[in-house]
Amino acid sequence: LATPTAVMVGSGVGAAHGILFKGGDVLEKAAAVDTVVFDKTGTLTACDLKVTDVSCWSDTISADEMLELAASAESESEHPLGRAIHAHALARSLPLRPPHTLSAFVACPGQGLSCKIGDQTLLIGNREWLDRNDVTLASEHEREIAPLEATGHTVVLVAINGVLSGMVSLADTPKPEAAAVVVLLQQWGLSVWMVSGDNARTAAHLAKQLGIEQVLAQMKPADKAEKIAQLQRDGATVAMVGDGINDAPALAQADVGVAIGGGTDVAIETADVVLMKSTLLGAATTFHLARAVMRRIRLNFIWAFGYNLIGIPMAAGVFYPLWHLHLPPMFAGAAMALSSVSVVCSSLLLRCYKQPSLPDVKNLIARSHFV
C-alpha cells in the first residue's frame with residue numbers, strides 16, 4: 001500500500017490544482033526532473049499577439065492589399081501568429097478571400113506556408129522559409145526589421161510571386177508569473193532552457209526579461225526534439241513544457257511532457273501531464289507535488305519496514321528467550337491491520353499539500369549570458 005495509496009492521493013491532489021497526471025509512473029519521472037525546457041510563444045508568453053506594424057515594400061500593391069492576401073492565406077492557420085494576422089485583418093474589415101479559393105497550400109512547421117490565391121503565389125514565414133524558396137532579404141529591409149526584433153517583436157515576411165513584398169510585425173508579452181516561475185525552478189536547482197522557432201534577437205529579448213540564460217532560437221519542431229535527446233544523452237532528466245502542434249515531437253521525446261491546457265489537441269494528447277489552466281505556476285507545482293509524493297512513498301516504506309521489522313519477530317517469539325517479549329496472535333493480527341491503516345493515513349496527509357509560493361522578482365535583474 002505504500003506506493004499506490006500515495007500515488008492515488010497525489011494524483012487527486014494534482015487534479016484539485018488543475019494538473020492531470022497520465023499515470024503513476026509520470027509522478028516518479030517528474031520528481032526526478034533536473035532540466036526544464038520551455039517553448040516561447042503561448043507558453044512563456046501570454047499568446048496575446050497584436051499586429052504592431054505592416055510595411056509594404058512593393059510598388060504594385062498597397063499595404064492593405066498585402067495584408068488582405070496574407071490574412072486570407074492564414075485563415076485556417078492553427079499557429080498563433082497566423083491567427084493574429086487573420087484577426088487583425090478582420091478587425092480592419094478587409095475583404096478576405098474565402099478558404100476554398102486557396103490552392104496548392106503547403107505548411108512547413110516552424111517556418112511558414114505557401115499557397116496560391118488566384119494567379120498569385122504567396123510565401124509567408126521567416127527568413128529561412130523565404131531562403132528555401134529563393135527569396136532574398138535586402139539590406140535595407142534587414143535594417144528596418146532588426147530594431148523590431150531587438151525589442152521582442154516577431155516579424156513575418158510576405159513574398160508574392162517570388163518577390164519580397166513586405167512584412168508584418170507582431171508583439172507579445174510574457175505571462176505575469178513567467179519570471180517568478182523561472183526563478184523558483186532555478187532556486188530548486190533545476191536547469192531552465194527556452195527553445196523557440198522565433199528569430200534569435202526576439203528570443204534573446206524575452207529570455208533577458210525572464211532571467212533565462214540558456215536559449216536556442218530558430219528551432220524547427222524536429223530540432224527541439226533533437227535538443228532534448230541531446231540533453232538526455234548528457235545524463236539529464238528533461239521535462240518539456242509547451243502548448244502548440246510544433247511542440248508535439250519535443251513533448252514526446254522528453255522524459256516528462258507538460259502541455260498547457262489551452263494548447264492544441266495534438267500537444268495535449270502527446271504530453272504526460274496536462275495543465276488545465278494556462279498559468280505557469282501549474283508547471284512548477286507539477287514538479288513540487290511529484291517530489292512531495294515521492295518523499296511520502298519513501299516515508300511509507302520506512303515506516304512499514306520498521307514496523308514489520310519489530311512486529312514480526314515479536315509475533316514469532318524471537319525476543320521471548322531474552323526479554324520475555326512476545327505478541328499474542330490476536331494482537332499480532334490487529335497490529336498487522338494497523339500497519340496498513342497507518343500507511344493509508346500517512347498517504348492521506350498529502351491532502352494537506354500547498355502549492356509553492358512565487359518569489360518576488362520585481363527587482364530581479366536578468367542576466368545577459370545566452371547559450
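The values are calculated or read from the model by the stated rules, or taken from the named source; none is laboratory data. The structure displayed is predicted, hence computed values, not measured ones. Positions of Cβ are generated from backbone atoms using ideal geometry, with glycine treated the same way; all protein chains shown enter the neighbour counts. Heavy atoms of the whole protein, side chains included, go into the accessibility calculation; ligands, DNA and RNA do not. Shrake-Rupley method; radii C 1.70, N 1.55, O 1.52, S 1.80 Å.
Tabulated data
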{"read-out": "Sequence-distant residues sharing a close amide H with residue 47 (under 5 Å, placed H)", "value": "42, 173"}
{"read-out": "Sum of side-chain charges, residue 26 neighbourhood, beta-carbon under 11 Å (Lys, Arg +1; Asp, Glu -1)", "value": "-2"}
{"read-out": "Protein accessible area in the range 154-236, 1.4 Å probe - carbon and sulfur %", "value": "51"}
{"read-out": "Contour excess over end-to-end distance, with Cα ends at residue 354 and residue 119 and 0.36 nm allotted per residue", "value": "78.6 nm"}
{"read-out": "Value in Å of the Kirkwood radius, where the range 1-124 supplies the Cα pairs that are averaged", "value": "18.2"}
{"read-out": "Degrees separating the helix 200-210 axis from the principal Cα axis of the chain, which is the longest one", "value": "40"}
{"read-out": "Probe 1.4 Å, accessible area per residue of the range 1-125, Å²", "value": "44"}
{"read-out": "Largest to smallest accessible area among 303, 129 [probe 1.4 Å]", "value": "303, 129"}
{"read-out": "Carbon/sulfur fraction of accessible area - the range 21-62, other protein chains in place, 1.4 Å, %", "value": "41"}
{"read-out": "For the range 175-184, Karplus couplings with θ = phi - 60° (6.51, -1.76, 1.60), whole Hz, Gly/Pro x", "value": "4, x, 8, 4, 4, 5, 5, 4, 4, 4"}
{"read-out": "Hits among lysines - C-alpha to C-alpha of residue 40 under 28 Å, sequence gap 8 or more where chains match", "value": "22, 29, 50, 175, 208, 220, 224, 227, 277, 354, 362"}
{"read-out": "Charge sum, other residues only, whose C-beta stays under 14 Å from residue 62's C-beta, Lys/Arg counted +1 and Asp/Glu -1", "value": "-3"}
{"read-out": "191, 347, ranked by accessible area, largest first (probe 1.4 Å)", "value": "191, 347"}
{"read-out": "Pairwise FRET efficiency - residue 48 versus residue 132, Cβ, R0 = 45 Å, nearest 0.05", "value": "0.90"}
{"read-out": "For the range 140-155, Karplus couplings with θ = phi - 60° (6.51, -1.76, 1.60), whole Hz, Gly/Pro x", "value": "5, 6, 4, 5, 6, 7, 3, x, 5, 5, 5, 9, x, 7, 9, 9"}
{"read-out": "Charge tally in the Cβ shell below 11 Å around residue 279, where Lys, Arg are +1 and Asp, Glu are -1, residue 279 excluded", "value": "+1"}
{"read-out": "Shape category assigned to the range 126-242 from the gyration tensor of Cα positions, a/c cut at 1.5", "value": "oblate"}
{"read-out": "Shape box of the chain [Cα atoms, principal axes, largest first, Å]", "value": "104, 44, 35"}
{"read-out": "Accessible area of residue 108 in the full protein assembly, 1.4 Å probe (Å², nearest 10)", "value": "30"}
{"read-out": "Burial ranking of peptide ranges 229-236, 178-185, 240-247 (average Cβ count within 10 Å, highest at the top)", "value": "240-247, 178-185, 229-236"}
{"read-out": "Most to least accessible of 105, 305, 21 (protein chains only, probe 1.4 Å)", "value": "305, 105, 21"}
{"read-out": "Pairwise Cα inverse-distance average, inverted: Kirkwood Rh of the range 58-217 (Å)", "value": "17.0"}
